[in-house]
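Following: one structure in structure tokens, then a few remarks.
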Amino acid sequence: MTGREPRALLAAGAVALVVSGVAPHDRLTWLLEALPILIAGPLLVATARRFPLTPLAYRLIFAHALILLTGAHYTYAEVPLGDWVAGAFDLARNPYDRLGHFAQGFVPAIVAREILIRRTPVRSGKWLVWLVLCVCLAISAAYEIFEWGAAVIGGASADAFLGTQGDQWDTQWDMLMALVGAATAQALLGRLHDRQIARLEEHSHG
């Protein structure tokens with residue numbers, strides 16, 4: 001990857017991956033939860049020279065990786081931070097998976113936004129917001145189908161990966177959180193992202 005910061009984030013992410021994989025709560029769950037990182041990491045490295053992302057995108061991807069790896073190590077239903085939050089606010093379930101699915105919308109929204117702005121005629125505006133929301137909701141739906149497939153194939157051994165914690169509406173909540181995350185990312189970071197894209201494009205053409 002080009003640039004010091006992306007390389008530092010990549011190295012830190014690799015360390016986090018190794019640490020997360022040491023004595024996880026459930027090895028199969030760890031593998032399934034870490035799979036997006038095992039796919040995205042090499043892909044980002046392979047495309048870094050041809051299509052480097054903005055610093056914002058790389059930082060968010062790193063943060064998302066940490067969220068995923070924490071859930072992978074403990075399983076989402078048993079992350080200590082989530083247990084603390086559940087106890088502090090008298091919640092019926094560990095809410096860490098809600099954070100994970102919020103991030104599943106928040107971070108891909110910035111990546112999808114960047115690709116659309118830089119590789120299509122779409123520019124900032126209502127159509128961009130709508131298309132990014134659609135992409136993120138599609139990603140969330142695809143992940144839920146993947147979870148369902150894992151449950152069908154793995155049976156009881158995939159229960160920790162599903163992490164429904166007895167909530168019959170877990171799938172719907174997961175997709176809603178991803179949608180809220182995607183909308184929040186665009187509302188909070190859209191202008192900052194536009195400035196970083198402009199600087200990146202100026203540098204690449206300079």
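Throughout, read-outs are computed from the coordinates displayed, never taken from laboratory work. On a predicted model such as this, the values are computed, not experimentally measured, just so you know. Neighbour counts are summed over all protein chains in view; Cβ atoms, including those assigned to glycine, are modelled from backbone coordinates with ideal geometry.
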>> With 13 Å as the cut-off, how large is the P(r) tail for region 2-71, expressed as percent of Cα-Cα pairs?
In response: 63
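As a test of the definition: which semi-axes, in Å, follow for the chain when you take the square root of five times each eigenvalue of its alpha carbon gyration tensor? Largest first, please. Please list the in-between numbers first.
Details: eigenvalues 184, 80, 46 Å².
Ellipsoid semi-axes (Å, largest first): 30, 20, 15.
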> What helices in the chain pass both tests, a Cα length along the helix axis of 18 Å or more and a mean Kyte hydropathy of 0.5 or higher, using whole DSSP H runs?
Replying inline: 4-20, 27-47, 55-74, 126-154
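Under 14 Å from the Cβ of Leu44, count the other residues' Cβ atoms, weight Lys and Arg +1, Asp and Glu -1, and hand me the total.
Numbers: positive: Arg7, Arg49, Arg50, Arg59; negative: Glu5, Glu114.
Value of the local net charge: +2.
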>> Viscosity 1.306 mPa s, temperature 10 °C: give me the Stokes-Einstein translational D for region 1-43 in µm²/s, with Rh taken as the Kirkwood radius over C-alpha pairs.
In response: 141
> Under a Cβ-Cβ cut-off of 11 Å, what is the net charge of the residues other than Gly21 that fall near it, where Lys and Arg count +1 and Asp and Glu count -1?
Replying inline: 0
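About the Cα centre of the chain, how large is the charge dipole given +1 on each Lys and Arg Cβ and -1 on each Asp and Glu Cβ? Please answer in debye to the nearest 20.
Numbers: 16 positive and 17 negative charges, 258 e Å.
Dipole of the chain, to the nearest 20 debye: 1240 debye.
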> Using modelled amide H (1.01 Å from N, peptide plane; none on Pro or chain starts), what sits under 5 Å from the amide H of Thr75, excluding residues fewer than 5 places away?
Replying inline: His25
>> Could you work out [θ]222 nm for the chain from helices alone, using -39500 (n - 2.57) per DSSP H run of at least four and dividing by all its residues? Round to the nearest 500 deg cm²/dmol.
In response: -26500 deg cm²/dmol
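Stretch Lys126-Leu43 to full length: gain in nm at 0.36 nm per residue minus the Cα-Cα span? If you can, show how the numbers build up before the last one.
Values: separation 83, 0.36 × 83 = 29.88 nm, distance 2.95 nm.
Extra length available between Lys126 and Leu43 comes to 26.9 nm.
Could you estimate the translational diffusion coefficient of region 39-114 from the Stokes-Einstein equation, with Rh from the Kirkwood formula over C-alpha pairs, at 4 °C and 1.567 mPa s, in whole µm²/s?
94
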